[in-house]
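The values are calculated or read from the model by the stated rules, or taken from the named source; none is laboratory data. Note that the coordinates shown come from a computational prediction; the quantities given were computed from them, not determined experimentally. We place every Cβ from the backbone using ideal geometry, glycine too, and count neighbours over all the protein chains shown.
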Amino acid sequence: MIPARSLPHFLANKSRIRVFGLDFDDCIRVFFGGNAVISIIVLALITYFLFREGAGFFGQNYRNLAVYRQAGLEYVDYLRAQQDDHTALTRYLSDLRVRQFASDLRQKMSPAEANAALAGFDDFAGKFSDTVEPLRTLVSDLTEQASAIKTKFTVMEDKQEERRQLLAEGKSAEAAKVVIQPVDFAAELKPITGTLPAYRETNSEFARQVERVLAQAPALATADLQARLDRFKQLTRAYLAGFPAIVARLEAWDYTKPVPRRQAFTSFLFGREWLTASFWQDWYGILPLLAGSIMVSLVALLLSVPLAVGAAVYVNQFATRAEQRFIKPCIEFISAFPSVVLGFFGIAVLGQALRSVSQVSWLSWIPGFPYSERLNILTAGCLLALIAIPTIFTLAEDALNNVPRAFTEASFALGATRLQTVVRIIVPASLSGIISAVLLGLGRVIGETMVVLLCAGNRIAIPDFTAGLAVIAQPVHTMTGIIAQEMGEVVQGGIHYRALFVVGLVLFFLSVGINYVAQRIVRRYRISIG
Amino acid sequence: MSPSAAILRHEFQTQPTAARRREKGIFLLFRAATYFILLCGGLILGTIVYKGAGTVFQLRPPFLNVTFLTAAPESLHVFEYQGRKMELGDHDYRAFEAQHPEVKQAKAASYVYSAGGIFPCIAGTVLLVIGSISIALTLGVFAAIYLNEYARDGRFIRFVRLAILNLAGVPSIVFGLFGFGMFVIFFGWNVSLIAGWFTLAFMVLPVVITASEESLKAVPKGFREGSLALGATRWQTIRKNVLPYALPGILTSSILGIARVAGETAPIMFTAAYVVRDKLPWEVQHAMDFFFQGVMALPYHIYVVSSKIPQNEYTERVQYGTALIFLLIVALIAASSIILRYRLRDRHKW
């Protein structure tokens with residue numbers, strides 16, 4: 001063969017068209033490489049766009065909090081909290097009445113008799129609930145004044161925005177015509193803070209009234225209920241003892257005190273309230289949503305892990321070949337169930353069915369049973385478990401499959417039974433794989449949207465953990481659910497819109513983190529056999 | 001021990017001790033867990049098939065409820081007329097009302113989306129799936145070829161693989177947010193088919209890449225070496241000696257991606273889906289409008305009918321019917337993938 005060097009230049013480079021110094025093969029290589037990079041680009045773009053839309057949230061939230069203070073909403077909220085605490089105490093009393101009434105009925109009293117017997121108690125409860133009236137009047141006045149200030153401020157901001165836009169469009173004449181009325185917070189707040197002496201008087205009178213009413217508390221029939229009444233008295237005393245602190249806080253309150261910068265973050269990360277489109281003040285705290293997501297995922301994992309791992313062990317170790325060929329595709333088929341169909345099933349069938357089961361009398365020992373909310377943590381958790389099962393099953397089965405035969409054979413040779421081999425050898429050897437399977441299942445469950453949106457009950461509140469295990473019967477809202485539900489209704493670029501993107505960002509990092517840990521565990525603890 | 005049993009037993013046969021019985025019990029527990037899962041899946045499928053069959057099928061020919069499959073959703077009006085209970089879709093109701101004006105006085109209840117059919121939703125879902133899977137397959141197969149055929153193990157490739165793994169773990173609603181932020185707002189495509197395509201395509205990209213790589217790996221090394229030894233370039237080798245053998249596997253495994261695309265609701269909620277749209281997707285004035293229109297989609301329609309309208313005997317039909325059709329479509333796709341894959345696994349022995 002003729003060496004290439006001896007050929008004329010144009011012949012040696014036949015079909016070697018060079019673009020930027022790359023020949024045809026290199027071009028193809030680069031083109032394919034470019035496609036491979038797309039996943040990095042997409043990941044980067046997701047991060048970028050979530051940040052781009054979400055980043056403005058903290059600035060806006062800061063202004064939101066600043067206005068809350070400047071317009072005196074914070075001041076009024078101290079009083080509102082006092083009033084709300086009183087309402088909670090009143091509710092405690094009415095709960096007590098319901099219990100007493102029920103116990104009376106159990107003792108073969110007619111409803112009329114029971115009501116008559118409770119007349120003294122009702123009188124007491126009524127008097128107690130009336131004590132708050134003067135405070136309530138004051139609070140409702142102040143509420144109106146404070147929201148008026150806030151409205152003025154928002155109007156001013158809108159006008160400023162209007163002028164800015166007109167100026168940007170070059171319409172200076174129109175811009176000059178926009179009347180901006182500045183808000184003088186000091187003057188506006190005077191009527192609110194001016195009520196302090198009146199409040200002090202109302203407050204001490206209020207405390208005296210509560211004391212007096214408390215002294216007239218009737219005795220209750222059973223020891224259990226009496227204990228509850230004593231607890232009520234205790235709570236009320238604690239409530240009264242908190243009064244001076246409230247007064248001190250009101251006295252110290254100053255609208256000029258700047259809101260700390262970090263509060264824009266802390267009020268989001270540790271905020272216990274997610275309250276939007278309210279007439280008073282919007283709160284964007286992620287805790288209720290996070291708690292909801294975690295609770296639902298926990299229930300789902302508790303249900304799915306034993307089932308999925310058990311099934312994986314069974315299919316891998318005990319099942320006949322025919323059984324394997326039947327079960328594996330079936331479970332894969334379950335993974336193809338669209339989540340929205342599962343959610344629909346939850347609404348249409350499962351919620352009702354679970355509630356009926358909970359009301360069966362001999363099951364009442366299960367915590368939380370019977371319950372009345374059809375859609376709650378349990379309903380969503382059951383369906384999410386079905387979503388997690390195929391993921392966990394497939395990956396756990398893979399992990400079990402990867403255990404070298406020699407391990408099993410050695411165990412049998414030493415005289416171990418099948419079960420001993422499975423429990424002592426195979427499962428521990430594949431534990432890292434199983435753990436990562438569970439983690440990936442968790443990632444799948446925590447990012448699931450449609451099931452929780454349809455079946456978790458959508459009540460935005462931190463579940464009441466004092467109920468113990470009965471907490472699973474409460475409705476919650478989740479991070480994924482809130483995005484899906486509210487994204488369609490928000491003003492683009494507004495604080496609420498940006499808050500949803502920040503929730504998305506939290507979700508993104510949470511699931512990527514879980515995923516990453518799962519991968520690490522697999523790689524780190526993979527058994528290697530020489 | 002009875003004499004006959006003594007004959008059947010031999011010396012090495014296992015004795016039923018308490019420990020063995022316990023072991024058997026524990027096996028049974030594992031088995032119960034397995035079949036419990038299948039039972040749950042079967043129950044859900046069964047309920048939807050049982051209740052939805054009444055809407056989708058009928059007893060007289062052509063046995064399929066053609067209206068339900070070919071008409072657009074309508075409101076259902078339920079009213080009493082001359083002592084009889086009438087149920088009419090919006091269109092028929094208006095015609096009826098024109099003929100019998102006295103109907104207006106009758107007490108009528110109406111339920112949105114509960115009459116008519118779901119054809120626009122089926123059409124929208126099909127369009128979404130075709131578009132997004134084309135994009136995902138193109139990008140995914142090329143990426144897989146690079147990763148399996150060209151790439152040398154190194155820092156960069158490890159990074160790419162990490163990105164793919166992590167992309168697989170991103171929740172679908174986050175893809176929805178991303179698609180909304182990027183395509184709908186930043187690119188200004190509004191709620192449109194094309195925005196939905198790209199959002200869904202990026203979502204299934206990791207699935208397609210992983211599936212394609214598996215299939216490429218299954219092609220024996222000798223095929224490549226033989227071709228390269230004969231003087232073919234790398235690209236020629238891939239084109240003639242690798243891809244043809246890997247393609248069936250790539251396509252079958254990617255069908256699972258199709259099932260995922262068809263089944264997802266969250267990513268299209270704010271990128272492509274409309275609650276209701278009168279026109280069918282191909283009824284557009286300019287060809288370009290086709291890409292920039294929102295569509296109705298089956299999963300989103302299920303969400304709407306199951307959460308936004310009350311549950312009763314009239315609305316139930318459309319709810320279960322839609323769920324059944326949707327489940328059938330997805331199940332068909334998934335089942336074909338699973339069956340094909342098992343077939344392929346048995347056939348390919350190089």
Counted residues, the range A:400-418 - those being in contact with a Ser or Thr (Cβ under 6 Å, 6 or more places away or on another chain), modelled with pLDDT of 90 or more and either among the aliphatic types (A, V, I, L, M) or buried (at least 19 other Cβ atoms within 10 Å of the Cβ) (or both): 1
Pick from A:Val491, A:Val451, A:Val471, A:Val506: which is closer than 20 Å to A:Gly346 by Cα and surrounded by fewer than 24 Cβ atoms within 10 Å (Cβ to Cβ)? A:Val471
Of those in the range A:389-422 that are within 11 Å of chain B (Cβ to nearest Cβ) and of a type in the set (A, V, I, L, M, F, W, C), the residue nearest to A:Ala312 (Cα to Cα) is A:Phe393
Matching option when the condition is more than 7 Å from chain B (Cβ to nearest Cβ), part of a helix (DSSP H, G or I) and of a type outside the set (Ser, Thr, Tyr), among A:Leu307, A:Leu301: A:Leu301
Can you find even one residue in the range B:275-293 that is touching a Leu at 6+ places or on another chain (Cβ under 9 Å), in a helix (DSSP H, G or I) and not assigned by TED's automatic domain parsing to the domain that holds B:Lys51? yes
Do you know which of the residues in the range A:515-530 that are surrounded by fewer than 21 Cβ atoms within 10 Å (Cβ to Cβ) and facing chain B (nearest Cβ under 9 Å) is modelled with the highest pLDDT? A:Tyr516
From the residues in the range B:1-30 that are surrounded by 10 or more Cβ atoms within 10 Å (Cβ to Cβ) and either of a type in the set (Asp, Glu) or modelled with pLDDT under 70 (or both), which one is farthest from A:Thr417 (Cα to Cα)? B:Arg9
Any residue in the range A:310-338 that is facing chain B (nearest Cβ under 8 Å) sitting within a Cβ distance under 8 Å of a residue that is charged (D, E, K, R) and not in a helix (DSSP H, G or I)? List the pairs, counting only those 6 or more apart or interchain. A:Pro338/B:Glu264
Between B:Gly169, B:Gly116, which is among the small types (Gly, Ala, Ser), over 14 Å from B:Ile250 (Cβ atoms) and at the interface with chain A (Cβ under 7 Å from one of its Cβ atoms)? B:Gly169
Listed residues B:Ala115, B:Ala151, B:Ala168; which is closer than 23 Å to A:Val503 by Cβ and at pLDDT below 90? B:Ala168
Quick check: anything in the range B:307-323 in a helix (DSSP H, G or I), more than 10 Å from chain A (Cβ to nearest Cβ), closer than 26 Å to B:Gly181 by Cα and not small (Gly, Ala, Ser)? no
Residue count, the range A:207-231 (criterion: buried (at least 16 other Cβ atoms within 10 Å of the Cβ) and either closer than 23 Å to A:Gly120 by Cβ or among the acidic types (Asp, Glu) (or both)): 9
In the set A:Val155, A:Val139, A:Val179, the lone residue that is outside any helix (DSSP H, G or I) and either assigned by TED's automatic domain parsing to the domain that holds A:Pro218 or touching a Ser or Thr at 6+ places or on another chain (Cβ under 9 Å) (or both) is A:Val179
State the number of residues belonging to the range B:34-78 that are among the hydroxyl-bearing types (Ser, Thr, Tyr), under 25 Å from B:Gly124 (Cβ atoms) and either within 14 Å of chain A (Cβ to nearest Cβ) or surrounded by 19 or more Cβ atoms within 10 Å (Cβ to Cβ) (or both). 1
Scan A:Ala499, A:Ala484, A:Ala461 and give me the residue that is over 30 Å from A:Ile434 (Cα atoms) and facing chain B (nearest Cβ under 10 Å). A:Ala484
Test for A:Phe279: is it hydrophobic (A, V, I, L, M, F, W, C), in a helix (DSSP H, G or I) and out of contact with any Leu (no Cβ under 8 Å at 6 or more places or on another chain): no
Under the condition of being without any contact (Cβ under 8 Å) to a residue 40 or more places away in the chain and among the hydrophobic types (A, V, I, L, M, F, W, C), which residue from the range A:211-242 is nearest to A:Tyr92 (Cα to Cα)? A:Ala227
State whether the residues of the range B:79-95 include one that is exposed (fewer than 14 other Cβ atoms within 10 Å of the Cβ), over 19 Å from B:Leu328 (Cα atoms) and modelled with pLDDT of 80 or more. yes
Go through the range A:462-497 and give me each residue that's part of a helix (DSSP H, G or I) and on the phi > 0 side of the Ramachandran plot. A:Gly468
Report, by residue number, each residue of the range B:231-266 that is more than 11 Å from chain A (Cβ to nearest Cβ), among the β-branched types (Val, Ile, Thr) and more than 17 Å from B:Ser134 (Cβ to Cβ). B:Val242
Could you list, in sequence order, the residues of the range B:128-163 that are buried (at least 20 other Cβ atoms within 10 Å of the Cβ) and farther than 16 Å from B:Ser212 by Cα? B:Leu128, B:Val129, B:Gly131, B:Ser132, B:Ala163
